[in-house]
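Participant: Here you go, one structure.
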Amino acid sequence: MAPRAGFVSLKGFYMPVIVQGLLTIVIGVGGCIGYFYLSNLLLDKVIFPAKGENAGRNINRANQIRPWLFLFPAIFALGLYLVYPVVGSFWRSLYGRSPSDWVGFDNYVQLAASNEFQQAFFNNLLWVIVVPAMATFLGLLVAQLTDKLSWGNIAKSLIFMPMAISFVGASLIWKFVYANDADIGLINAIRASLGFGNPIDVMQIPFWNNFFLMVILIWIQTGFAMVILSAALRGIPEETIEAAILDGANPWQLFFRIKVPQIMGTIVVVWTTITILVLKVFDIVYTMTGGNFGTEILPSYMMDFMFRDDGRATAVAFIIMIVVLPVMIWNIVQARKEMR
Amino acid sequence: MADLKLTEVAKSYGSVDVLKHINLDIARGELIVFVGPSGCGKSTLLRMIAGLEKITGGELQIDGRVVNNVPPAQRGIAMVFQSYALYPHMTVRDNMAFALKIAKKSKDEIEAAISKAARILQLEPYLDRLPKALSGGQRQRVAIGRSIVRDPKVYLFDEPLSNLDAALRVATRIEIAQLKEAMPDSTMIYVTHDQVEAMTLASRIVVLAGGGISQVGTPLDLYERPENEFVAQFIGSPAMNLLPGRITGTGRQTAIAMSNGGTALSDYPSTDADMGAEVKVGVRPEDFRAADEGGAHIFAGRVDITEALGEVTLLYFETGESTDTEKGDAAVIAKLGGTHSNLRGHEVRLTAEPGKVHVFRDGKSLLYRDGKLTAPEAIPAE
Amino acid sequence: MDNIAGHKSGLSWVTNISVVVLVVLWLIPTVGLFVSSFRERDQISVSGWWQAPFSVELTYRTRGDGEVRPVDGGYVMEGNIFDTGEVRSSFEGGASTVSAFGDRGVAPAEYPAGTVAEIGDGETLQVNADGTYIYTSVEEPGNRGPRVYFEAETPPQFTLDNYRNVLTADGMDRAFINTLTVTIPATVIPILIAAFAAYALAWMDFPGRGLLIALVVGLLVVPLQLALVPMLNLHQRLGIGQSFLGIWLAHTGFGLPLAVYLLRNYMVGLPRDIIESAKVDGATDFQLFVKIILPLSFPALAAFAIFQFLWTWNDLLVAKVFLPSDDASKVMTVKIADDLLGSRGGDWGILATAAFVSIAVPLVVFFTMQRFLVRGLLAGSVK
């Protein structure tokens, strides 16, 4: 293909998509503003006008309805894209490959019996244990180490950077570490320089390859944990730390007995946030191994069935939902506690 | 139960000197109060004694041992912070036990120390509560209790009352005074910006200003014989009036011709070298009295505003051209006993006993030469 | 801590060094990708990116193309191997040193530089370290010169070829524009919807408010996977199918819980006095929202915008499901994960470049707007 051809086709074919995009922005934004403006206008001027003999009552009535005008688009979208799917997915998971083929809980039964599913479930368990623990631990470590450092903000910014990178991009980046070639992969280069002759493919080492994949997500999430924990550490009253120094605490005791207990709430929040993420991320496994070599996890396992067997795919998705459920409930309880 | 000695102690951040030439001896059992305007370095000095700030010059001794490089925990001091600094995740008991646990004291010892402190401070019902379940005053007592259990040689208080409301502040101030009385051997250093706290608690007050010690003395020393204009105006409320004049007579007493026409006589001694010198005459508002008909006056002016407080009346005078407006202390104030609201708009002439008239040359009191009282026998009678 | 008396400075050295080590560990993978994206394909496969600044020993294949002169008993061709047509472009940066040469592909380094090699049929070949070569032949050579293989130290070379290839020939330009097309509406629309809802949840009184807030908090953690099948089916039934419109709607729906939660948390913190004084001044809720709340909530709006932008830009899952899988509508993540990794798995230069193109925009956004991002993270998590 000639280098310029892409450019030409870009103009010939792509402008409409961009235009379409811009149009959507205009229609979407304009529609939103128009909706909010006109619906309020309608409410105040036509349905319950704030004049005439019932002005006072009308204002009150309008104010009772207005919140729902403000909320309607959000409730509609949330209901459609998040609430309905919980029910819809469950319902669909009771059918087989064809949406008209009622199978009851067969999908779940078959999943439970499948080796691959058990493998994916077990791997996911490993991920849920290892990734949040390591990311939180490293985040806390970096947050503490950089706390009083003159160049701490630069260091934090650099460790935070992977947050901006897509899981796909991150996977590619790590291919340059894991590649099965001493001239490309760092790990094999280090092995070669230590005198090991033949390169190994770390993605194919049974069991341990899971951990090499987790490293990628830990690499991304440590920055998140660090930013939040760093703010929490800063929030600890300086005087309690000075009091502990006067009380004779050494740096170790200061950290574990004074600082960590004071930010325990934040540590839990960070931990659960990363746990939830681990249950959603399929990109890394998909890009690095495609789920081969015993590295399948639930989200990537689900994608194996996507477009092929919707019944099975929704069953896997619903199992993920059930795993997340305790965290969801805990979150809601916490949120309600705060509001009081 | 220790004495402290500060020799030429200094603190600088880079090239900025925060404190310099701090020389101070603190005897065992004293309650020393550091006062000064905000930014004078009083908290910094306290934190240097605690070891929370490094000493960048000079020497600090506790009980004869130089402790410049001794970590805070090994100095035998305890500190009560302004915000109490209680560990929020520990109960009152654990808060008090923390230092002892770190020091690996036995369980019995810890329990004994806690129950003793709790008894003194009436904290027994609250030992198993978390700090957030306590009132401000109770938290303050826990903070003090945390110091007591360590049985330190020196107690340090960093504005401990400033987070309390007015009523509680008075009550807690009295408690601290009682605590000091119960522990006569313990040395306490107390930082505040509140001169009432300073006057009521201190055995000696250290006035800090501009990075140095302005004056050290008992509360009444500072009130009656301020060493310089700063201390004169800092101690006492409303502040001392400073009026310009020129020395016209020297000797055991000093005579001054006031710039705005009056004359003043002070018991402060002066030498021939002082003759004709420009000085400031200082009179406390409460020391002014109305001049006799036909007698000499130090100040005369028209009353601008009166504030009747019941037992006394404050008179604010219109200021003429001659008063020093630069320092922002332009208004001359007099405090007269009784009610005098009818004086508003009237011309009033004021004078004061020679024993209550302070004279400052170049900002320094004539009573002191090289930091020492010149003629002890010339000290004005009380 | 530095101010504490008796504090040993040894510890701060340990801190500094460990942070340096951590930062280097964190950066190495990305730096590798970045460096590799500027290297030639040949160089990538013979030396690691960490050797990029150094020369590498490469094997070249070329053909002598100098003037043929008849001499006693035969013909001679002389010239400089680096100047021959087939390899000239590789040595534009300066001459190099030949270490060995040969005349057969199976043994490209048969003879050390400087030796006179008998290569059969009465021909000899000599290649010197400085690149000059002498070829002799008894018979008149054909119009093609002799085949020469040689190994030479090659200076480090950086090139923009990968970028040229990726951006033109590999369809990444389309993918880039597709990503942009997905991202911008999917960022802007949820903000507006969420802002109104957040205001209602923060400052309006109505029955069921607490329940709705709890619902939003709960929906924060609903796994996306759950929505894929039912929503795709619904889109198909509605006639939206797999399309840009579909993915905009999907991203809007999936981004809303975080948007509402973040904005509500922020708006609740706005001073009540301001809102009440505006009401006393006679502002309606709509005016109050547009004129007071929105401008004041700018930091939270920016924070969420950055979140949603990064999320939609970096997303693979939603794009795979809600966009058609034809070349014309692939976004960058899909392009890399499905096309480049699959069909060109071995072309590391292209892979690195494609990855870097895809992360460049998020990195710029990240480094310029980090302040807002951090603020958003904190508002969303620490409570």
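The values are calculated or read from the model by the stated rules, or taken from the named source; none is laboratory data. Values in this document were obtained by computation on a predicted structure and should not be read as measured data. Glycine gets a Cβ as well: all are built from the backbone with ideal geometry, and neighbour counts include every protein chain shown. For the accessible areas, the whole protein counts, side chains as well, though only heavy atoms, and no ligand, DNA or RNA atoms are used. Shrake-Rupley method; radii C 1.70, N 1.55, O 1.52, S 1.80 Å.
One line per residue, one yes/no per condition, for (1) out of contact with any Ser or Thr (no Cβ under 8 Å at 6 or more places or on another chain); (2) modelled with pLDDT of 85 or more; (3) surrounded by 21 or more Cβ atoms within 10 Å (Cβ to Cβ):
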{"site": "C:Ile240", "(1), (2), (3)": "yes, no, no"}
{"site": "C:Trp248", "(1), (2), (3)": "no, yes, yes"}
{"site": "C:Arg264", "(1), (2), (3)": "yes, yes, yes"}
{"site": "C:Glu276", "(1), (2), (3)": "yes, yes, no"}
{"site": "C:Asp285", "(1), (2), (3)": "yes, no, yes"}
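Participant: Scan A:Ala189, A:Ala231, A:Ala243 and give me the residue that is at pLDDT below 90, part of a helix (DSSP H, G or I), within 26 Å of A:Met264 (Cα to Cα) and within 7 Å of another protein chain (Cβ to nearest Cβ). Quick ask: steps written out before the conclusion?
Facilitator: Values: A:Ala189 fails: within 26 Å of A:Met264 (Cα to Cα); A:Ala243 fails: at pLDDT below 90.
Only one candidate qualifies: A:Ala231.
Participant: State the number of residues belonging to the stretch C:151-169 that are closer than 30 Å to C:Val68 by Cβ and either surrounded by fewer than 18 Cβ atoms within 10 Å (Cβ to Cβ) or touching a Pro at 6+ places or on another chain (Cβ under 7 Å) (or both).
Facilitator: Result for the stretch C:151-169: 2.
Participant: Continuing with this model, one more query. Pull up the stretch C:48-88, narrow it to residues that are of a type in the set (Asp, Glu) and either in a loop (DSSP other than H, G, I, E, B) or within 14 Å of another protein chain (Cβ to nearest Cβ) (or both), then point me to the one that is nearest to C:Glu110 (Cα to Cα).
Facilitator: Across the stretch C:48-88, the extreme among qualifying residues is C:Glu57.
Participant: Another question, if that's okay. Determine, yes or no, whether C:Ile306 is within 22 Å of the chain's Cα centre (by Cα) and among the aliphatic types (A, V, I, L, M).
Facilitator: Values: within 22 Å of the chain's Cα centre (by Cα): yes; among the aliphatic types (A, V, I, L, M): yes.
So C:Ile306 passes the test.
Participant: Among the numbered criteria (1) at pLDDT below 90; (2) surrounded by 16 or more Cβ atoms within 10 Å (Cβ to Cβ); (3) of a type outside the set (Asp, Glu), which single criterion is violated by B:Gly64?
Facilitator: B:Gly64 satisfies all of (1) at pLDDT below 90; (2) surrounded by 16 or more Cβ atoms within 10 Å (Cβ to Cβ); (3) of a type outside the set (Asp, Glu) except (2).
Participant: Still on this structure: If you scan the stretch A:244-268, which residues turn out to be under 30 Å from C:Asn314 (Cα atoms) and buried (at least 20 other Cβ atoms within 10 Å of the Cβ)?
Facilitator: A:Thr266
Participant: List the number of the failed condition for C:Gly142; all other conditions in (1) more than 30 Å from C:Ser36 (Cβ to Cβ); (2) among the small types (Gly, Ala, Ser); (3) open to solvent by less than 20 Å² (accessible area, probe 1.4 Å) hold.
Facilitator: Tallying (1) more than 30 Å from C:Ser36 (Cβ to Cβ); (2) among the small types (Gly, Ala, Ser); (3) open to solvent by less than 20 Å² (accessible area, probe 1.4 Å), C:Gly142 fails exactly one: (3).
Participant: What number of residues in the stretch B:67-93 are outside any loop (DSSP other than H, G, I, E, B) and either within 8 Å of chain A (Cβ to nearest Cβ) or modelled with pLDDT under 90 (or both)? Working first, answer last.
Facilitator: The initial filter retains those residues of the stretch B:67-93 that are outside any loop (DSSP other than H, G, I, E, B), namely B:72-74, B:77-80, B:92-93.
Filter again for either within 8 Å of chain A (Cβ to nearest Cβ) or modelled with pLDDT under 90 (or both), leaving B:72-74, B:77-79.
Summing the residues that are outside any loop (DSSP other than H, G, I, E, B) and either within 8 Å of chain A (Cβ to nearest Cβ) or modelled with pLDDT under 90 (or both) in the stretch B:67-93 gives 6.
Participant: I've got another one for you. Step by step: first the residues of the stretch C:140-191, then only those that are among the charged types (D, E, K, R) and out of contact with any strand residue (DSSP E or B) (no Cβ under 9 Å at 6 or more places or on another chain), then the one that is modelled with the lowest pLDDT. Which residue is that?
Facilitator: The residue in question is C:Asp170.
Participant: Could I ask something else about it? Within the stretch A:309-316, can one find any residue that is facing chain C (nearest Cβ under 7 Å), closer than 21 Å to C:Ala319 by Cα and not aliphatic (A, V, I, L, M)?
Facilitator: Yes, some residue in the stretch A:309-316 is facing chain C (nearest Cβ under 7 Å), closer than 21 Å to C:Ala319 by Cα and not aliphatic (A, V, I, L, M).
Participant: Quick one: which of C:Val290, C:Val321 is within 20 Å of C:Ala259 (Cα to Cα) and either open to solvent by 30 Å² or more (accessible area, probe 1.4 Å) or within 8 Å of chain A (Cβ to nearest Cβ) (or both)?
Facilitator: Exactly one residue qualifies, and that residue is C:Val290.
To keep it simple, each residue is scored yes or no on (1) within 10 Å of chain A (Cβ to nearest Cβ); (2) not in a loop (DSSP other than H, G, I, E, B).
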position	(1), (2)
C:Ile134	no, yes
C:Pro141	no, no
C:Arg144	no, no
C:Ala152	no, yes
C:Pro156	no, no
C:Tyr163	no, yes
C:Thr168	yes, yes
C:Asp173	yes, yes
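Participant: Shifting gears a bit: When you scan the stretch A:299-308, how many residues do you find that are under 17 Å from the mean Cα position of the chain (by Cα) and either facing another protein chain (nearest Cβ under 8 Å) or of a type in the set (Phe, Trp, Tyr) (or both)?
Facilitator: 3
Participant: Mind telling me which of the residues A:Phe196, A:Phe211, A:Phe160 ends up being open to solvent by 10 Å² or more (accessible area, probe 1.4 Å), in the same structural domain as A:Val131 (by TED's automatic domain parsing) and touching a residue at least 24 places away in the same chain (Cβ under 8 Å)?
Facilitator: A:Phe211
Participant: Among the listed residues A:Met302, A:Met328, A:Met288, identify the single one that is without any contact (Cβ under 8 Å) to a residue 24 or more places away in the chain, open to solvent by 10 Å² or more (accessible area, probe 1.4 Å) and hydrophobic (A, V, I, L, M, F, W, C).
Facilitator: Numbers: A:Met302 fails: open to solvent by 10 Å² or more (accessible area, probe 1.4 Å); A:Met288 fails: without any contact (Cβ under 8 Å) to a residue 24 or more places away in the chain.
One residue alone meets the criteria, A:Met328.
Participant: Further, regarding this structure: Kindly provide the set of residues from the stretch C:210-256 that are at the interface with chain A (Cβ under 7 Å from one of its Cβ atoms), over 29 Å from the mean Cα position of the chain (by Cα), farther than 21 Å from A:Phe282 by Cα and not aliphatic (A, V, I, L, M), ordered by number.
Facilitator: Once the filter is applied, which keeps residues that are at the interface with chain A (Cβ under 7 Å from one of its Cβ atoms), over 29 Å from the mean Cα position of the chain (by Cα), farther than 21 Å from A:Phe282 by Cα and not aliphatic (A, V, I, L, M), the stretch C:210-256 yields C:Gly210, C:Gly218.
For every residue, the table says whether it meets (1) more than 18 Å from C:Thr353 (Cα to Cα); (2) open to solvent by 30 Å² or more (accessible area, probe 1.4 Å); (3) at pLDDT 85 or above.
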{"site": "C:Pro29", "(1), (2), (3)": "no, no, yes"}
{"site": "C:Phe34", "(1), (2), (3)": "no, yes, yes"}
{"site": "C:Ser37", "(1), (2), (3)": "no, no, no"}
{"site": "C:Gln43", "(1), (2), (3)": "no, no, no"}
{"site": "C:Trp50", "(1), (2), (3)": "no, yes, no"}
{"site": "C:Val56", "(1), (2), (3)": "yes, no, no"}
{"site": "C:Arg63", "(1), (2), (3)": "yes, yes, no"}
{"site": "C:Val71", "(1), (2), (3)": "yes, yes, no"}
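Participant: Still on this structure, I have one more. Determine which single condition C:Pro207 fails, assuming it passes every other condition in (1) closer than 28 Å to C:Val268 by Cβ; (2) at the interface with chain A (Cβ under 8 Å from one of its Cβ atoms); (3) free of Cβ contacts under 8 Å to residues at least 60 places away in the same chain.
Facilitator: For C:Pro207, the failing item is (2).
Participant: Could you list, in sequence order, all residues of the stretch B:74-126 that are open to solvent by less than 40 Å² (accessible area, probe 1.4 Å), under 21 Å from B:Lys42 (Cα atoms) and touching a helix residue (DSSP H, G or I) at 6+ places or on another chain (Cβ under 7 Å)?
Facilitator: Across the stretch B:74-126, the qualifying residues are B:Ile77, B:Ala78, B:Met79, B:Val80, B:Phe81, B:Tyr84, B:Ala85.
Participant: Give me the pairs: first residue in the stretch C:84-101 and open to solvent by 30 Å² or more (accessible area, probe 1.4 Å), second residue hydroxyl-bearing (Ser, Thr, Tyr) and modelled with pLDDT of 70 or more, beta-carbon distance under 7 Å, and six or more apart or on different chains, which are they?
Facilitator: C:Glu86/C:Thr62
Participant: Taking C:Leu226 as meeting all but one of (1) surrounded by fewer than 20 Cβ atoms within 10 Å (Cβ to Cβ); (2) free of Cβ contacts under 8 Å to residues at least 24 places away in the same chain; (3) not β-branched (Val, Ile, Thr), write down the number of the exception.
Facilitator: (1)
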